[in-house]
Amino acid sequence: NLNRIARELDAMFPDATEMDLRKQSDGASVSCTCCICLAPMTTSGSGIKKVSCGHLFHTNCLREVMERSRSMETAKCPLCRSSLLAARSSSASSSSAAATNSSA
């Protein structure tokens, strides 16, 4: 089950870029901090994932969130409580609708 969750995390959420980290810290000299483990986040070393609502978390911390919620469908962002998959499914459906409209 843990391996499946890890694979799904890698497939579902993109890795955060240096630009994402700078945006998250609002350009301050203070580095971003993971709200789950309170450790600083950097793109070197540990993986950082950007979830659909735009918040950033260490991959291991996000995996723990998924394990506690028992499924990807019920998992919620620890900061804003939005569904981790809500924005993904709505953007995917709008992309497919746009493709359908452009082909018509």
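The values are calculated or read from the model by the stated rules, or taken from the named source; none is laboratory data. From a predicted model like this one, the values you see are computed outputs, not experimental measurements. Heads up, the Cβs are rebuilt from the backbone with ideal geometry, glycines too, and the neighbour counts pull from every protein chain shown. Just the protein is used for accessible areas: all its heavy atoms, side chains included, with ligands, DNA and RNA removed. Shrake-Rupley method; radii C 1.70, N 1.55, O 1.52, S 1.80 Å.
Report, by residue number, each residue of region 32-46 that is of a type in the set (A, V, I, L, M), over 13 Å from residue 78 (Cα atoms) and either touching a residue at least 40 places away in the same chain (Cβ under 8 Å) or buried (at least 17 other Cβ atoms within 10 Å of the Cβ) (or both). Matches in region 32-46: 41 only. Counting only residues that are of a type in the set (Asp, Glu) and either open to solvent by less than 60 Å² (accessible area, probe 1.4 Å) or over 14 Å from residue 35 (Cα atoms) (or both), region 47-74 holds 2 of them. May I ask you to list the residues in region 75-104 that are surrounded by 10 or more Cβ atoms within 10 Å (Cβ to Cβ), modelled with pLDDT of 85 or more and assigned to a loop (DSSP other than H, G, I, E, B)? The answer is 75, 77, 78, 79, 80, 82.
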